[in-house]
Amino acid sequence: MKPFRAIVASGPIALLIATVSVAAATPASARGCAQFNALKRVFPKATAVGLTSRTRIRREARRDPVLPGHCATWFATYRAKVGLLGVMSEAAHADTSLTLYRTHKQALRAFKPTSGPVKRLANGALVRTSNKINSGGMRRTVEVDSVYRNVFINSWSRNDVTPILAADQLRIHRRMHAGIRATS
């Protein structure tokens, strides 16, 4: 709740100062979105998925386009040291977001059409990976999208040398799927 102060004047000298708490109408409190806060805990520790670090998990601001049923999004970045010819270089990173939707059907709409086949994992999650090289051939982007129940997970890594590979990003997704299953 955010405090709101109002100064109201009526007549030549009357003054009233009031503090009122106004509840923010967040979609995360809407029906079907109640588990959002618990989902913050499904982000695995970096070492559990073979990476070196993870940033603080934070709630991401809503960005357009906001699809129907969108509740809210958690976001974190995973990092891994990558070696080139035996020398450790800058850390590659994978930006990872988890978005809760009210229904599975609404989460599927976020599963945007990109290149790459869709696979169904043993746990029922739908997964799509893409591996792109920009037109100059200097920068690779690896992206993994998955939908599990009413949750859409996206991770992507872009690096001039070596991005975090799809298999490594998929380990993050699988751990998150298991965490989602445990919160239900």
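The values are calculated or read from the model by the stated rules, or taken from the named source; none is laboratory data. Quick caveat: nothing in here was measured; it's all calculated off a predicted structure. Backbone-built Cβ (ideal geometry, glycine too); neighbour counts: all protein chains shown.
Structural remarks
- Test: residue in the stretch 97-117 that is surrounded by 13 or more Cβ atoms within 10 Å (Cβ to Cβ), closer than 21 Å to Ser53 by Cα and not aromatic (Phe, Trp, Tyr): yes
- Some residue of the stretch 132-141 being touching an Asp or Glu at 6+ places or on another chain (Cβ under 9 Å) and polar (S, T, N, Q): no
- Considering the stretch 102-129, the residues that are of a type in the set (S, T, N, Q) and at pLDDT below 90 include one that is farthest from Ala182 (Cα to Cα), namely Ser115.
- Number of the exception - Asp160 against (1) of a type in the set (Asp, Glu); (2) more than 19 Å from Val49 (Cα to Cα); (3) at pLDDT 95 or above: (3)
- Of all residues making up the stretch 159-179, the number that are assigned to a helix (DSSP H, G or I) and of a type in the set (Val, Ile, Thr): 1
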